[in-house]
Amino acid sequence: MNLESLLTDRLARSFAAVAGGPVDPVVRRSRHADFQAEAALSLARRLGRAPREIAAEVVERAALADLCSAVAVSGPGFVNLTVADDLLGTLLSRIAADPRLGVPTATDPETVVVDYSAPNVAKEMHVGHLRSTIIGDATARLLEWLGHRVVRANHLGDWGTPFGMLIEHLADLGESTAAEELSIGDLDSFYKGARAKFDADEAFRRRARERVVALQGGDESTLRLWRLLVAESESYFLAVYDRLDVLLTRADFVGESHYNPMLGPITDELDQRGLLVESGDAACAFPPGFPGRDGEPVPLIVRKRDGGYGYAATDLAALRYRTRELGATRLLYVVGLPQRQHFEMVYAVARQAGWLRPPARAEHVGFGLVLGADGRKLASRAGDSVKLVDLLDEALARAAALARQKNPNLETAAAAELGRAIGIGAVKYADLSVDRTRDYVFDWDRMLALSGNTAPYLQYAHARIRSIFRRAGRTAPQNGVPILVVEPAERALALELLGFGAVVGAVERTLEFHRLAGHLYAVAVAFSGFFESCPVLRAEPAVRESRLVLCDLTARVLRQGLHLLGIAAPERM
């Protein structure tokens, strides 16, 4: 149990005794003490008593002597709590001895599907894929570390009418020429070539439409060309994922084509349940609670009059497959905020159909835009979407130059390796350190800064700690070394380190990774204060060993926290 939970559990008993029933003490960190409990303020009206009077009675009843060195009522009715130094030392010793840093695995692990990244075949990955890929990867890392069975679902756009023109363009070029063009990652040129032919050449348009019919009809020669197109695109995507250091593999690609055979049956099932209505040129579902601007219900298009299916049909088929076949109880869709209503409608229809029922639930993990310095959606000078590979190449180049600037003696290979860790880390942290529902401005100078709330600052803090042990010519002390918490800077660091488990638990529920990033920054800042005011290697033996344990524990928390965000923690910088 973490420190905040210990205090909450103990105070809950006192508040319950005063209120005559269960009460959440609302324990939070405080600027006026280590923690404060706020529940007396909300109880005042219910009990018809002054909040300070309630708080005073709670303090009188509370058995906190073994946890706190001081307990006092302050302000309008806060209970201020100062944790005892010896308790801080004891709890720090426990998490220092725990490979998991005091963070338990899930007591009731779930099967969680994380739907993220989702590029389209024969199209470049661009900056629009950045946030889904980064947030989704952090989600998968965190939940997997906590013991859940995580299924990474890369919902590839690999089916539909555009593939008629793409396959016909491939056939025109010849398989070897097309494969070579696709293998060097020039997907945009391939797609634009197909589009230009389709727009300008009636004969090509006719052949492309015939290809769609052949593809959907299972024509083997057309399917072979389609598979080539998908395979070469997947290889390109995997090269981008490797550069971005995310965990997606070829086995995680589950394209729209996978669900194609399911579209007819799920549509029939919706129809049999009375959930489809013919509206205009389509069979639509009208889940309650989604009125349009005119007050009329918004339709979710499932099947078009020509027999084709809308995106909703594929999303419904995927959801049913994930709950029924994969046994998922938590479905996470890491998709931009503009898609929120679409997915909420899909979830609503799935609940009506009985495909999404407790304990299974679906969540839209929405996010904002990446903006340029002008406050608009980040784009290239030509006004096109920025290619993701170009952005990552620039991150690596800038970070390698920074590494050589700080350490001119670095060899080229070492500078490149360190540049990769710093550059990719900077890009990811700039994304994850802001509330994901907000837009953020992509700023190279800020994200690569060695000061402030940035990945390089955290990476440098980790490397600086490791340099202490290199200078001492030793490893961290063995478990069992008493941790002494005496100086204010030691207390400040101790409290941040002990908060790691609570923050990870909160992020598991909310998937608000800026909370984890902010906590790691607070740990690094607290360590900086500790390092400046508390000598380590020059301290007398017992204090030196205690502080070396604190240093090692700090490095481990930073390294683990950064790993959960998908960011490397270099040993040297």
Residues that are open to solvent by 50 Å² or more (accessible area, probe 1.4 Å) and among the aliphatic types (A, V, I, L, M), drawn from region 153-176:
173
Just to be sure, is residue 415 under 30 Å from residue 534 (Cβ atoms), in a helix (DSSP H, G or I) and touching a helix residue (DSSP H, G or I) at 6+ places or on another chain (Cβ under 6 Å)?
no
Say whether the condition of being modelled with pLDDT of 95 or more, touching a Leu at 6+ places or on another chain (Cβ under 7 Å) and surrounded by 20 or more Cβ atoms within 10 Å (Cβ to Cβ) is met by at least one residue in region 337-346.
yes
Going through 71, 23 one at a time, which residue ends up being more than 30 Å from residue 560 (Cβ to Cβ), in contact with a Ser or Thr (Cβ under 8 Å, 6 or more places away or on another chain) and surrounded by 15 or more Cβ atoms within 10 Å (Cβ to Cβ)?
71
For region 414-439, give me each residue that is modelled with pLDDT under 95 and either farther than 19 Å from residue 459 by Cα or touching a Lys or Arg at 6+ places or on another chain (Cβ under 6 Å) (or both).
415
Here is a list of conditions, (1) modelled with pLDDT under 95; (2) more than 19 Å from residue 485 (Cα to Cα), and residue 29 meets all of them except one; can you say which number that is?
(2)
Does residue 145 meet the test of being open to solvent by 20 Å² or more (accessible area, probe 1.4 Å) and at pLDDT 95 or above?
yes
Consider region 278-294. How many of its residues are outside any strand (DSSP E or B) and open to solvent by less than 50 Å² (accessible area, probe 1.4 Å)?
3
If residue 41 satisfies all but one of (1) closer than 29 Å to residue 503 by Cα; (2) in a helix (DSSP H, G or I); (3) free of Cβ contacts under 8 Å to residues at least 24 places away in the same chain, what's the number of the condition it fails?
(3)
Quick one: what pairs do we get from region 5-31, first residue at positive phi, second small (Gly, Ala, Ser) and open to solvent by 30 Å² or more (accessible area, probe 1.4 Å), C-beta under 8 Å, 6+ apart or different chains?
26/42
Exactly one of 131, 61, 100 is open to solvent by 10 Å² or more (accessible area, probe 1.4 Å) and either touching a residue at least 60 places away in the same chain (Cβ under 8 Å) or over 30 Å from residue 21 (Cα atoms) (or both), and that one is 100
Which condition number in (1) surrounded by fewer than 18 Cβ atoms within 10 Å (Cβ to Cβ); (2) within 18 Å of residue 85 (Cα to Cα) is the one that residue 537 fails?
(2)
Pick from 122, 140, 200, 179: which is out of contact with any Gly (no Cβ under 7 Å at 6 or more places or on another chain) and open to solvent by 30 Å² or more (accessible area, probe 1.4 Å)?
200
Quickly run through region 103-119 and pick out the residues that are open to solvent by less than 30 Å² (accessible area, probe 1.4 Å) and in contact with a strand residue (DSSP E or B) (Cβ under 8 Å, 6 or more places away or on another chain).
111, 112, 113, 114, 115, 116, 117, 119
Look at region 298-321 and say how many of its residues are outside any loop (DSSP other than H, G, I, E, B) and open to solvent by 70 Å² or more (accessible area, probe 1.4 Å).
4
Only residues that are farther than 28 Å from residue 478 by Cα and in a loop (DSSP other than H, G, I, E, B): list them for region 68-105, please.
75, 76, 77
Candidate set from region 359-396 (those that are β-branched (Val, Ile, Thr) and in a loop (DSSP other than H, G, I, E, B)); member that is least open to solvent (accessible area, probe 1.4 Å):
365
Here the residues within region 540-566 that are open to solvent by 20 Å² or more (accessible area, probe 1.4 Å) and closer than 30 Å to residue 134 by Cα are 552, 556, 559, 560, 563
Any idea how many residues of region 182-197 are surrounded by 14 or more Cβ atoms within 10 Å (Cβ to Cβ) and without any contact (Cβ under 8 Å) to a residue 24 or more places away in the chain?
1
Can you name the condition, by its number, that residue 36 falls short on among (1) closer than 21 Å to residue 495 by Cα; (2) of a type outside the set (A, V, I, L, M); (3) at pLDDT 95 or above; (4) surrounded by fewer than 19 Cβ atoms within 10 Å (Cβ to Cβ)?
(4)
Filter region 240-268 down to residues that are in contact with a helix residue (DSSP H, G or I) (Cβ under 8 Å, 6 or more places away or on another chain) and surrounded by fewer than 14 Cβ atoms within 10 Å (Cβ to Cβ), then give me how many there are.
2
Go through region 326-351 and give me each residue that's within 19 Å of residue 156 (Cα to Cα) and outside any helix (DSSP H, G or I).
326, 331, 332, 333, 334, 335, 336
So, residue 122, is that one at pLDDT below 95 and touching a Leu at 6+ places or on another chain (Cβ under 7 Å) or not?
yes
So, in region 249-285, of the ones that are of a type in the set (Ser, Thr, Tyr) and under 29 Å from the mean Cα position of the chain (by Cα), which residue ends up farthest from residue 309 (Cα to Cα)?
249
Given the conditions (1) crowded, with 20+ Cβ neighbours inside 10 Å; (2) in contact with a Lys or Arg (Cβ under 7 Å, 6 or more places away or on another chain), report the number of the one that residue 399 does not fulfil.
(2)
Taking residue 356 as the residue in question, decide whether it is more than 22 Å from residue 314 (Cα to Cα) and either touching a Cys at 6+ places or on another chain (Cβ under 6 Å) or surrounded by 14 or more Cβ atoms within 10 Å (Cβ to Cβ) (or both).
no
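The values are calculated or read from the model by the stated rules, or taken from the named source; none is laboratory data. Here the structure is a predicted model, which is why all the values come from computation and not from measurement. Quick reminder, even Gly has a Cβ in these numbers, built from the backbone with ideal geometry, and neighbours come from all protein chains shown. SASA here: full protein model, heavy atoms, side chains in, ligands and nucleic acids out. Shrake-Rupley method; radii C 1.70, N 1.55, O 1.52, S 1.80 Å.
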